[in-house]
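The structure appears right after this line, and notes come after that.
The values are calculated or read from the model by the stated rules, or taken from the named source; none is laboratory data. This structure is a prediction, so every number in the text was calculated from the model and none was measured. Cβ atoms come from the backbone with ideal geometry, glycine included; neighbour counts cover every protein chain shown.
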Amino acid sequence: MGQGNDMVHSFALCRGDVNPDACRSCLNDSIVKLGQLCPNQKGALGYYDNCLIRYSDKVIMGMTQVEFYTYLANSQNATDIAGFNDALGPLLRELRLAAAAGGSVRKFNSGSTAGPGFSSIYGLVQCTPDLSEQQCSDCLEDVINQILRLMNGRIGGRVLIPTLVKRNNQKC
């Protein structure tokens, strides 16, 4: 929206399993929070439990080059780290394929698998729907590798990755 130096690009995305009312509430709250936390900024990104919102004076749609990783890990390790990782990796890769194959409205999947010692392992993956199937799949594969490396055996966590924006038709 806008023109020239006053142009803004934005997107909002709710988690794929969130109902429309919770989505709307999260987005409305996040708009207020970002306005308070980032007044007079040309760009901001807010991750919340049920949604994310991003705006920038640069093009942000369709970008896939990772800017940085934000990860939040549970402090507790699985009792069988190798067994946990051996179950988690295939689960996330299976979820990745279905999420990446999603359409232009939703690229999301969640599920569970049996873990060591009769435990259940739950996973959830999501891409912004502006990405192609290949872009989403490649991005999620990178994230899965980061999860297995950074969270090695942690029983819960999140990886959030904004992508770089274009400046003068160049990735920065």
Checklist entry - Given the structure, is Lys33 assigned to a helix (DSSP H, G or I), modelled with pLDDT under 95 and of a type in the set (D, E, K, R)? => result yes
Checklist entry - Being crowded, with 20+ Cβ neighbours inside 10 Å, part of a helix (DSSP H, G or I) and not assigned by TED's automatic domain parsing to the domain that holds Asn50, is that true of even one residue in the range 104-124? => result no
Item to check | Considering residues of the range 125-158 that are part of a strand (DSSP E or B) and under 23 Å from Pro20 (Cα atoms) only, the residue modelled with the lowest pLDDT | outcome: Arg158
Item to check | Contacts under 7 angstrom Cβ, first residue in the range 141-162 being over 11 Å from Ser75 (Cα atoms) and in contact (Cβ under 8 Å) with a residue 60 or more places away in the chain, partner among the small types (Gly, Ala, Ser) and surrounded by 14 or more Cβ atoms within 10 Å (Cβ to Cβ), 6 or more apart | outcome: Leu148/Gly89
Next on the checklist: Restricting to the range 13-30, and then to whatever is surrounded by 16 or more Cβ atoms within 10 Å (Cβ to Cβ) and not in a helix (DSSP H, G or I), can you tell me which residue is farthest from the chain's Cα centre (by Cα)?
Outcome noted: Val18
Checklist entry - Which one is modelled with the lowest pLDDT among residues in the range 56-73 that are over 21 Å from Ala100 (Cβ atoms) and out of contact with any helix residue (DSSP H, G or I) (no Cβ under 8 Å at 6 or more places or on another chain)? => result Phe68
Checklist entry - Going by the structure shown, is Ile53 crowded, with 20+ Cβ neighbours inside 10 Å and either at pLDDT below 90 or aromatic (Phe, Trp, Tyr) (or both)? => result yes
